[in-house]
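Chemist: Below is one structure. I have some questions about it.
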Amino acid sequence: MNDKGNKENKEDIKYKFATRCIHGPKKYAPDVYGPTNPVTSPIYMTSAFNVKQALDGVLPNYIYTRGSNPTINELQSKLADLENGESCLAFASGMAAISNTLLSLGKKGTIITDPEVYGGTHDLLKKQIVNFGMKIKFIDFNDIEKVQNSITDDTKVLYLESPCNPTMKFIDIEEIVRIGKENDILTVFDNTLNSPYNLNPLDYGIDVVVHSCTKFISGHGDTVAGAVITKKRTILKIMKVLHEFGGIISPFNAWLLLRGLRSLHVRMERHNTNAIKLATFLESRDDKIEKVLYPGLENSPYHNIAKKYLKKGFGGVLSFYLKKGLYIPKFLSTLKIPAYTVSLGDTDTLIEDPYNLSHFGMPRKTKKTIGINFYMIRVSVGIEDIEDLIDDFEQALDSI
């Protein structure tokens, strides 16, 4: 076979997930890095590019980092590839990714979402997006008939996350996709808790995937970022909003995400196995724990539907309720390994009580309705030795 044939065959290879995490699509390399061919991607820490070639009528690839930057472009190429998508835009935060996506829809119309959606998204919809003329409906997405009946002529988006944060409610994705397709409504899916390792929502017909890359994609707790992955024509609409509102990711943060992606597959495998082991242990402590929320547990009401979509594992986040009357602050302060904080998806185990931290801004009535109370604890299970984590949780439970 000639060299041309060999080259074409190599370009046609679709590598497996771990290989793609490390190497990514290499189509950007020749025009970005030229003859230097670095193994590890450099950071293009520049706000602007010399565009003298434009004086000779040559269109430059890069002009201003708010519009385009080689480091950011590499990240976008890699994320699109890992989500099996056409195109990607990276943002300064997950909330910037969500808000820019929704703002690209224009004025007026209705967004339908589940009441158990992440607290930050809930606040964005209720406090900000409504100011742009959009109406918001909160409907139980597991009540398919109710979702169908809530559709009106002006419905523009079905917005979902699965599992929901922090209640671990799992939604039948294909049912929501079916309703969206039948009614020509955009479906937007927050895939943060799964990461591309556990789930590729686009494969099930979702139109747009959003991520808080701060979480599992970064994995190291050292950057804030977001991303949107979808078809190119949709990206072009969102790009107009991004360029005018200016929520672009910095080249340095893009590089940090590229570094994080190189170990995503290894980290997620450990998150998955540690979480199911910790959930199983917590379930055994029914003397102090009322209920454990994790779709990986066989007695979870969402176990069967989660198994349909999560082929590699059930994720690194779980929640549980301590029994009423126990002193929550003592339990949290007695733990030695986890940090008490709002984030998730780090190599470190992180813990919080959503009522007071991540969902503090959510109205009390709403929190009560969806099951967020004083006794709920959310754990982002890290990649430490699981024996150490279980021992730590055991001594903290014994202290209350």
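The values are calculated or read from the model by the stated rules, or taken from the named source; none is laboratory data. All of these numbers come straight from a predicted model, not from anything done at the bench. Glycine also receives a Cβ, built like all others from the backbone with ideal geometry; neighbour counts cover every protein chain displayed.
Chemist: What are the residues in segment 43-57 that are assigned to a loop (DSSP other than H, G, I, E, B) and either aliphatic (A, V, I, L, M) or touching a residue at least 12 places away in the same chain (Cβ under 8 Å) (or both), if any?
Modeler: Filtering segment 43-57 for residues assigned to a loop (DSSP other than H, G, I, E, B) gives 43-47, 49-51, 57.
I43, Y44, M45, T46, S47, F49, V51 - these are the residues of segment 43-57 that are assigned to a loop (DSSP other than H, G, I, E, B) and either aliphatic (A, V, I, L, M) or touching a residue at least 12 places away in the same chain (Cβ under 8 Å) (or both).
Chemist: Search segment 306-334 for residues that are of a type in the set (F, W, Y) and pair each with any residue that is surrounded by fewer than 14 Cβ atoms within 10 Å (Cβ to Cβ) when their beta-carbon atoms are under 6 Å apart and the residues are at least 6 apart or on different chains.
Modeler: Y321/E290
Chemist: Give the residue, chosen from G246, G296, G226, that is crowded, with 20+ Cβ neighbours inside 10 Å and in the same structural domain as Y44 (by TED's automatic domain parsing).
Modeler: Numbers: G246 fails: crowded, with 20+ Cβ neighbours inside 10 Å; G296 fails: in the same structural domain as Y44 (by TED's automatic domain parsing).
Within the list G246, G296, G226, the selection yields G226.
Chemist: Which residues, taken from segment 123-171, are in contact (Cβ under 8 Å) with a residue 60 or more places away in the chain and of a type outside the set (A, V, I, L, M, F, W, C)?
Modeler: Selection gives D123, S162, P163, N165, P166, T167, K169.
Chemist: Out of curiosity, is E290 under 30 Å from E394 (Cβ atoms) and loosely packed, with under 15 Cβ neighbours inside 10 Å? First the steps, then the outcome.
Modeler: On the way: under 30 Å from E394 (Cβ atoms): yes; loosely packed, with under 15 Cβ neighbours inside 10 Å: yes.
In short, yes.
Chemist: Suppose we filter segment 59-95 for residues that are closer than 27 Å to Y204 by Cα and in contact with a His (Cβ under 7 Å, 6 or more places away or on another chain); how many remain?
Modeler: So the count comes out to 1.
Chemist: Next question. Would you check which residues across segment 256-270 are buried (at least 22 other Cβ atoms within 10 Å of the Cβ) and within 15 Å of K311 (Cβ to Cβ) and list them?
Modeler: Answer for segment 256-270, where residues must be buried (at least 22 other Cβ atoms within 10 Å of the Cβ) and within 15 Å of K311 (Cβ to Cβ): just M268.
Chemist: What is the one condition in (1) farther than 22 Å from G226 by Cα; (2) out of contact with any Gly (no Cβ under 6 Å at 6 or more places or on another chain) that L105 does not satisfy?
Modeler: Going through (1) farther than 22 Å from G226 by Cα; (2) out of contact with any Gly (no Cβ under 6 Å at 6 or more places or on another chain) one by one, L105 breaks only (1).
Chemist: Here is a further query. Among the helices (runs of 4 or more DSSP H) contained in segment 283-400, which hold 3 or more residues that are more than 21 Å from the chain's Cα centre (by Cα) and closer than 30 Å to A225 by Cα? Don't jump to the end; show me each part of the working.
Modeler: On the way: elements: 303-309, 328-334, 364-370, 386-398.
Those helices (runs of 4 or more DSSP H) span 364-370.
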